[in-house]
Amino acid sequence: MKKRRQARIETLNALFMMDVGGASMEDAMVRVAQEANDPAVLNFVQAMCRGVLEYQSQIDRLIEQKAVNWKLDRLSRVDRCLLRLGIYELLHCPETPPAVVINEAVELAKVYGDEKSGAFVNGLLDSVKSSEVTSS
């Protein structure tokens with residue numbers, strides 16, 4: 001498995017632990033460090049989690065704007081965490097091409113979400129990407 005894919009999986013796990021289980025970032029990072037056993041993966045996870053937490057209110061507002069007729073708390077927790085990660089990467093990590101961000105999120109949604117998660121995550125992230133391109 002490629003390191004970036006592994007890092008995104010670990011980031012999803014950490015975000016899920018914080019969102020669902022109420023874990024602190026420190027507790028989530030301890031678990032990631034035990035699982036990942038790779039400094040590059042751990043650094044990526046820490047950076048992504050810090051970024052998502054820093055911009056979470058902005059990200060959540062975007063999700064609610066783009067997810068027509070869906071409230072944030074009605075989304076599946078996996079989808080919500082993947083969307084937060086994907087939107088953070090789209091908006092704040094210009095070194096990663098948007099197509100890569102969306103593809104990675106969709107692939108993780110297919111594995112960890114339900115049968116509709118891939119399409120939902122794809123549509124919402126594409127909408128965020130498109131609106132960012134037009135507002136730039």
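Has region 69-77 got at least one residue that is more than 16 Å from Phe120 (Cα to Cα), free of Cβ contacts under 8 Å to residues at least 12 places away in the same chain and not β-branched (Val, Ile, Thr)?
Scanning region 69-77 turns up no residue that is more than 16 Å from Phe120 (Cα to Cα), free of Cβ contacts under 8 Å to residues at least 12 places away in the same chain and not β-branched (Val, Ile, Thr).
For Met48, state whether it is of a type outside the set (S, T, N, Q) and either under 18 Å from Lys3 (Cβ atoms) or touching a strand residue (DSSP E or B) at 6+ places or on another chain (Cβ under 9 Å) (or both).
Values: of a type outside the set (S, T, N, Q): yes; either under 18 Å from Lys3 (Cβ atoms) or touching a strand residue (DSSP E or B) at 6+ places or on another chain (Cβ under 9 Å) (or both): yes.
Judged against the criteria, Met48 is a match.
Of everything in region 31-49, what is without any contact (Cβ under 8 Å) to a residue 40 or more places away in the chain, surrounded by 13 or more Cβ atoms within 10 Å (Cβ to Cβ) and assigned to a helix (DSSP H, G or I)? Give them in sequence order.
So in region 31-49, the residues without any contact (Cβ under 8 Å) to a residue 40 or more places away in the chain come out as 31-43, 45-47, 49.
Keeping just the survivors that are surrounded by 13 or more Cβ atoms within 10 Å (Cβ to Cβ) gives 31-33, 35-36, 38, 41-42, 45-47, 49.
Hits for region 31-49 are Arg31, Val32, Ala33, Glu35, Ala36, Val41, Leu42, Val45, Gln46, Ala47, Cys49.
If you scan region 94-114, which residues turn out to be more than 18 Å from Ala67 (Cβ to Cβ) and among the charged types (D, E, K, R)?
Those that are more than 18 Å from Ala67 (Cβ to Cβ) and among the charged types (D, E, K, R): Glu95, Glu104, Glu107, Lys110.
Which members of region 1-60 meet the condition of being more than 22 Å from Leu75 (Cα to Cα) and acidic (Asp, Glu)?
Listed by number, the residues that qualify are Glu26, Asp27, Glu35, Asp38.
Could you check region 76-99 and list, in sequence order, the residues that are β-branched (Val, Ile, Thr) and closer than 21 Å to Met18 by Cα?
Once the filter is applied, which keeps residues that are β-branched (Val, Ile, Thr) and closer than 21 Å to Met18 by Cα, region 76-99 yields Val78, Ile87.
Looking at region 1-8, is at least one residue hydrophobic (A, V, I, L, M, F, W, C) and buried (at least 21 other Cβ atoms within 10 Å of the Cβ)?
There is at least one residue in region 1-8 that is hydrophobic (A, V, I, L, M, F, W, C) and buried (at least 21 other Cβ atoms within 10 Å of the Cβ).
For every residue, the table says whether it meets (1) within 14 Å of Asn13 (Cα to Cα); (2) at pLDDT 95 or above; (3) not hydrophobic (A, V, I, L, M, F, W, C).
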{"residue": "Asp79", "(1), (2), (3)": "yes, yes, yes"}
{"residue": "Arg84", "(1), (2), (3)": "yes, yes, yes"}
{"residue": "Val100", "(1), (2), (3)": "no, yes, no"}
{"residue": "Val111", "(1), (2), (3)": "yes, yes, no"}
{"residue": "Ser117", "(1), (2), (3)": "no, yes, yes"}
{"residue": "Asn122", "(1), (2), (3)": "no, yes, yes"}
{"residue": "Asp126", "(1), (2), (3)": "no, yes, yes"}
{"residue": "Ser136", "(1), (2), (3)": "no, no, yes"}
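The values are calculated or read from the model by the stated rules, or taken from the named source; none is laboratory data. In this text, all values refer to a predicted model and were calculated from it rather than measured experimentally. Every residue, glycine among them, receives a Cβ derived from its backbone with ideal geometry; neighbour counts consider all protein chains shown.
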